[in-house]
Amino acid sequence: MKQRFETFTVLINKISRNIRKIKNQEMAAYGLRSTHVSCLYFLYCAHSLTATELCERCEEDKATVSRALEFLEERGFTARAPKAARRYKSPVYLTEKGLEAGKRIHNKVGLVLDEVGVGLSDAERDLFYKYLGIISDNLEHITEELS
């Protein structure tokens, strides 16, 4: 049991750390940090999202997304549609600068996913994501019970 715990936690931490490193390396050219990558990626894929929708897709809290959007807007990567009733419900879209960064992120994600999947068949990859989803859901259920 102890070895299973150590293997699981060490591998998850190692994967997380390496993902963060890849994000930071890609974003250094833009003066951005890994926390901005998800926002740019999801906005690039969807063309426009509200802050609420970004929270759901990024699995981040409202404050984190708000800070990231403010940072991205101040640096010219994003803009908001003309003033909506509530800022948090206002659609956010990428500017030309944001589209360039979003395209770069999108392309890099594709390359990284191809590379990390080497040695796995499509069926194995599908099972991996299925099992990873189950583990994530189970951990979420456990944390909700602890709250």
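All of the numbers you see were taken from the coordinates with simple rules; none came from a lab. What you see is a predicted model, and the numbers here were worked out from it, not measured in a lab. So basically every Cβ, Gly included, is an ideal-geometry build from the backbone, and we count neighbours across all protein chains shown.
Any chance the range 66-79 includes a residue that's out of contact with any Lys or Arg (no Cβ under 6 Å at 6 or more places or on another chain), closer than 18 Å to E96 by Cβ, surrounded by 14 or more Cβ atoms within 10 Å (Cβ to Cβ) and of a type in the set (V, I, T)? Yes, the range 66-79 contains a residue that is out of contact with any Lys or Arg (no Cβ under 6 Å at 6 or more places or on another chain), closer than 18 Å to E96 by Cβ, surrounded by 14 or more Cβ atoms within 10 Å (Cβ to Cβ) and of a type in the set (V, I, T).
Looking only at the range 33-54, how many residues end up being without any contact (Cβ under 8 Å) to a residue 12 or more places away in the chain and either among the hydrophobic types (A, V, I, L, M, F, W, C) or not in a helix (DSSP H, G or I) (or both)? Step through it out loud before you land on a result.
We begin by selecting, within the range 33-54, every residue without any contact (Cβ under 8 Å) to a residue 12 or more places away in the chain; these are 33, 46, 53.
Pick out the ones that are also either among the hydrophobic types (A, V, I, L, M, F, W, C) or not in a helix (DSSP H, G or I) (or both) and you get 33, 46.
Result for the range 33-54: 2.
I'd like to know if the range 114-128 contains one or more residues that are surrounded by 15 or more Cβ atoms within 10 Å (Cβ to Cβ) and either of a type in the set (F, W, Y) or out of contact with any helix residue (DSSP H, G or I) (no Cβ under 8 Å at 6 or more places or on another chain) (or both). No, the range 114-128 contains no residue that is surrounded by 15 or more Cβ atoms within 10 Å (Cβ to Cβ) and either of a type in the set (F, W, Y) or out of contact with any helix residue (DSSP H, G or I) (no Cβ under 8 Å at 6 or more places or on another chain) (or both). Checked against (1) assigned to a helix (DSSP H, G or I); (2) under 16 Å from S34 (Cα atoms), L99 passes all but condition (2). Looking across R67, R104, one residue alone is closer than 23 Å to I15 by Cβ, basic (K, R) and out of contact with any strand residue (DSSP E or B) (no Cβ under 8 Å at 6 or more places or on another chain). It is R104.
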